[in-house]
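Working notes, structure below.
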Amino acid sequence: MARNKQFVGELISEFIAVFIIILFGDSVAAMYSLYDPSPYRNAYWGVCIVWGLGVTIAIYVTGAVSGTHANPAVTLALALFRGFSWRKVVPYAAVQVLGGMAGAAIVYALYAPVIDHFNLAHHLDRMNDGGAAGVFFTHPGDFVTPLHALMDETILTAMLLFGIFAVTCEYNTQAPQANSSALIIGLLVAAIGGCAGYLEAWAINPARDFGPRLFCYFAGWGPSALPAPGHYWWVPIAGPLAGGVIGAGAYEYLVRPYMPRLRDRQAAEPGPLLADAPLADGPVAEARIAGQS
């Protein structure tokens, strides 16, 4: 019974983590998009920093309970490479999406009159033009096709997971110590947005995109949200899931085996070593793998 109660707590934690990220991230997107002049139009780095700080805050709030995956791509990568329980993967992903929906709902409650004014001023409507949809979910930027966006999202999420696995590797003596990894992961998210955000708003997280997209489908955007122009809706799901596996795998096979501390431990303890900090049933251990966009 206690074990089931803990699992429920982990699911609540993952819901709250994505809720926090979307609440901060979509709110700053609203500030960036809906106002003229925009307070961020000439300070785009501020948008990236707010998204990154949303991730950092989510980790500090929920990391001790669930590890703050906050991203199905992270959950999948941890199951593949670091011993996270496979039975938890689908429930984690489901509540992450629900957290994204809830976060988008609160942002909508805050900005609904501003959204309506923006669409009226620009002669847009939600269902046909997708007016103000960029506040909530992603779409290809200028000159970017859905197929190219799929490649982008795969690469960018690979960068994210490569960095997360490096930051949380117990054998990496250059990784940040104690609880500072949350800040570094947040800065990693911000850096990815700063260098590639205009391509398609750097989803790098299926829950970050699909959760708000589902909310918007029911909130009046309809086909502009799902299936979206060019049937784009699946790209921010498939790209990050594939990229997360690639990035995490690259770290696990190309960098981690050559860590001096790991080699020293292998020499002292012959035999195979488990992945860093087994996560299958240990939420406290999972907190070290705080996750991410």
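Could you check Asn119 against (1) out of contact with any Cys (no Cβ under 9 Å at 6 or more places or on another chain); (2) under 30 Å from Arg261 (Cβ atoms) and say which number it fails?
Evaluating Asn119 over (1) out of contact with any Cys (no Cβ under 9 Å at 6 or more places or on another chain); (2) under 30 Å from Arg261 (Cβ atoms) leaves (2) as the failure.
Can you tell me which condition Arg87 does not meet? The list is (1) surrounded by fewer than 22 Cβ atoms within 10 Å (Cβ to Cβ); (2) under 29 Å from Cys195 (Cα atoms), and all the others hold.
(2)
Look through segment 258-281, keep the residues that are open to solvent by 90 Å² or more (accessible area, probe 1.4 Å) and modelled with pLDDT under 70, and return whichever of them is farthest from Thr168 (Cα to Cα).
Among those that are open to solvent by 90 Å² or more (accessible area, probe 1.4 Å) and modelled with pLDDT under 70, it is Pro270.
Just checking, how many residues over segment 184-240 are outside any helix (DSSP H, G or I) and over 20 Å from Ala105 (Cα atoms)?
2
When you go through Phe143, Phe162, Phe136, Phe210 one by one, which is the residue that is more than 21 Å from Val47 (Cα to Cα) and surrounded by 22 or more Cβ atoms within 10 Å (Cβ to Cβ)? Give the steps one after another, and end with the answer.
Working: Phe143 fails: surrounded by 22 or more Cβ atoms within 10 Å (Cβ to Cβ); Phe136 fails: more than 21 Å from Val47 (Cα to Cα); Phe210 fails: more than 21 Å from Val47 (Cα to Cα).
The match here is Phe162.
Residue check, Ala149 against (1) touching a residue at least 40 places away in the same chain (Cβ under 8 Å); (2) open to solvent by 40 Å² or more (accessible area, probe 1.4 Å), all met but one. Which one?
(2)
If only one of Gly186, Gly194, Gly220 is small (Gly, Ala, Ser) and crowded, with 24+ Cβ neighbours inside 10 Å, which one is it?
Every option except Gly186 fails the conditions.
Name the single residue, out of those in segment 4-22 being open to solvent by 50 Å² or more (accessible area, probe 1.4 Å) and touching a residue at least 40 places away in the same chain (Cβ under 8 Å), that is farthest from Trp202 (Cα to Cα).
Among them, the one singled out is Gln6.
Examine segment 67-74 for a residue that is assigned to a helix (DSSP H, G or I) and open to solvent by less than 10 Å² (accessible area, probe 1.4 Å), and state whether such a residue exists.
Yes, segment 67-74 contains at least one residue that is assigned to a helix (DSSP H, G or I) and open to solvent by less than 10 Å² (accessible area, probe 1.4 Å).
Please find, within segment 1-49, the residue that is nearest to Val135 (Cα to Cα) out of those that are under 16 Å from the mean Cα position of the chain (by Cα) and of a type in the set (Phe, Trp, Tyr).
Phe24
Could you list, ordered by first residue, the pairs with Cβ atoms under 6 Å in which the first is in segment 25-54 and polar (S, T, N, Q) and the second is in a helix (DSSP H, G or I), at least 6 apart or interchain?
Within 6 Å, the pairs are Ser27/Val107; Ser33/Gly134; Ser33/Val135; Ser38/Tyr32.
Taking into account only those residues within segment 118-130 that are of a type outside the set (A, V, I, L, M, F, W, C) and free of Cβ contacts under 8 Å to residues at least 24 places away in the same chain, which is most open to solvent (accessible area, probe 1.4 Å)?
Residue satisfying both the conditions and the ranking: His123.
With Ala132, Ala93, Ala109, Ala149 as the choices, which residue is at pLDDT 95 or above, of a type outside the set (S, T, N, Q) and within 15 Å of the chain's Cα centre (by Cα)?
Details: Ala132 fails: within 15 Å of the chain's Cα centre (by Cα); Ala109 fails: within 15 Å of the chain's Cα centre (by Cα); Ala149 fails: within 15 Å of the chain's Cα centre (by Cα).
One residue alone meets the criteria, Ala93.
The values are calculated or read from the model by the stated rules, or taken from the named source; none is laboratory data. This is a predicted model, so every value here is computed, not measured. Don't worry about glycine lacking a Cβ; one is built from the backbone with ideal geometry, like all the others, and counts go over all protein chains shown. With ligands, DNA and RNA removed, areas are computed over all heavy atoms of the protein, side chains included. Shrake-Rupley method; radii C 1.70, N 1.55, O 1.52, S 1.80 Å.
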